[in-house]
Amino acid sequence: MMSRLLRLALLFTALLCTSCGEEPAYQEQGYVFGTLVEVSVYGVPAAQARPAVAAVMQEFQRLHHQLHAWQPSELSALNTAISQGKSKRVSLELAAMLQDAAQLSAQSQGAFNPAIGGLIQAWGFHADEFKAIQPDASVIAGLLKAHPQMSDVLFNPAGCSPANPCSDNLGVEVSSHNKSVQFDLGGYAKGYALDRAVVLLKQQGIHHALVNIGGNIIALGQHGDRPWRVGIQHPRKPGAVAMLALNDGEAIGTSGDYQRYFELGGKRYCHLINPHTGQPMQGVEAVTVLTHGTRAGVLSDVVSKPLFLAGTGGWRAAAQQMAIDSALLIDAQGAIHVTAALQKRLEFSDKKVSVGVQQ
């Protein structure tokens, strides 16, 4: 894990150097959601930036503790209840996240599936450190047969009736007829946190900032007289495979087999599990997407997963399905595939690199 954190730290340092020679931004780093996070603020005094960044970091910690999949949290308590065939009252916020995730899952035709926490756990990825052990094939087969999916989840406003209308403080009762539904929002939470960071920063009068959660990055305003410049992590080497100027409100998100994985018998097993096969995805090293709009953070986190799982043969169709026109895929041979819309904006570190451009 430390080597991965070091690589992220080096990339952060590389990003900082793109600002060399200009007025420095106020920056803070931390460790949340199992990864390094960094918030950079430009154009205001440190006395104003410091409490704003502190509010963002505090929000990240709150979400981390609310959404943890295997340590005590609101989400893990819901998972326990569902596994026992019970319903559970949850906060309006968590219910809204799950409903949003369910809609995105349906749009991806189940490729993005936060209900497969049981599969992720079976492969050993509900742990801070991973053991190089394959799960029992019968366990995987059983979970595939149970076929947990977001459409199995029911949302009922708690205590609502014509005589007792719903109020905001009652929460929502969540249940499922499928006891194998186990939520893991690892492919959603970082993006949600990015969007929350933008809201909090604006509330504090911050209009120019860059928020980076382990490679999921969102831009607010710009850095002085130019856009914020960010790097897309190379999946096999320190540093960036390409640089990109992010405009106000844009975000990038990357899914890679280099973030959470173990190796066994010369084969790499990553945490990105295909819900249709129950197996870690092979044949792709990384996928990066560029998003924009009011939900840029969430979409940057979610959309990269269906593209990654679709592989080299289906990633473009998956991108169209998720309404994304700017994406990049690096396959198992290290070959780079990129959409024409994103290719126009990238500055590759290796000027001689061969890039396959697709419409």
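Structure above, values below:
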item: Matching residues in the stretch 1-60 - criterion: being at pLDDT 50 or above, farther than 16 Å from Asp225 by Cα, open to solvent by 60 Å² or more (accessible area, probe 1.4 Å) and assigned to a loop (DSSP other than H, G, I, E, B); result: Pro45
item: Selection count, the stretch 256-282, where residues are open to solvent by 40 Å² or more (accessible area, probe 1.4 Å), farther than 20 Å from Ala69 by Cα, touching a residue at least 40 places away in the same chain (Cβ under 8 Å) and outside any strand (DSSP E or B); result: 3
item: Residue match in the stretch 158-165 (condition: open to solvent by less than 40 Å² (accessible area, probe 1.4 Å) and modelled with pLDDT of 95 or more); result: no
item: One residue from Ala209, Ala240, Ala245 being surrounded by 23 or more Cβ atoms within 10 Å (Cβ to Cβ) and closer than 25 Å to Glu28 by Cα; result: Ala209
item: Segments classed as helices (runs of 4 or more DSSP H), wholly inside the stretch 73-149, with at least 3 members that are closer than 17 Å to Asn274 by Cα; result: 92-107, 117-122, 137-146
item: Enumeration of residues in the stretch 213-234 that are assigned to a strand (DSSP E or B) and under 17 Å from Gly293 (Cα atoms); result: Asn216, Ile217, Ile218, Ala219, Leu220, Trp228
item: Exclusive hit being modelled with pLDDT under 95, exposed (fewer than 15 other Cβ atoms within 10 Å of the Cβ), among the basic types (Lys, Arg) and out of contact with any Pro (no Cβ under 6 Å at 6 or more places or on another chain), set Lys145, Lys131; result: Lys131
item: Candidate set from the stretch 283-318 (those that are modelled with pLDDT of 95 or more and among the polar types (S, T, N, Q)); member that is surrounded by the fewest Cβ atoms within 10 Å (Cβ to Cβ); result: Thr312
item: So Gly214, is it open to solvent by less than 40 Å² (accessible area, probe 1.4 Å) and modelled with pLDDT under 95; result: yes
item: Scan of the stretch 219-244 for residues that are closer than 23 Å to Leu200 by Cα and aliphatic (A, V, I, L, M), ordered by number; result: Ala219, Leu220, Val230
item: Checking Leu67 against (1) more than 19 Å from Ser304 (Cβ to Cβ); (2) open to solvent by less than 50 Å² (accessible area, probe 1.4 Å), the condition it does not meet; result: (1)
item: Any hit, the stretch 316-333, residues being at positive phi and touching a strand residue (DSSP E or B) at 6+ places or on another chain (Cβ under 9 Å); result: no
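The values are calculated or read from the model by the stated rules, or taken from the named source; none is laboratory data. Since this is a predicted model, take the numbers as computed values, not measurements. Cβ coordinates were reconstructed from backbone atoms using ideal geometry, including for glycine residues, and neighbour counts include every protein chain displayed. Side chains are part of the model used for accessible areas, which takes the heavy atoms of the whole protein and leaves out ligands, DNA and RNA. Shrake-Rupley method; radii C 1.70, N 1.55, O 1.52, S 1.80 Å.
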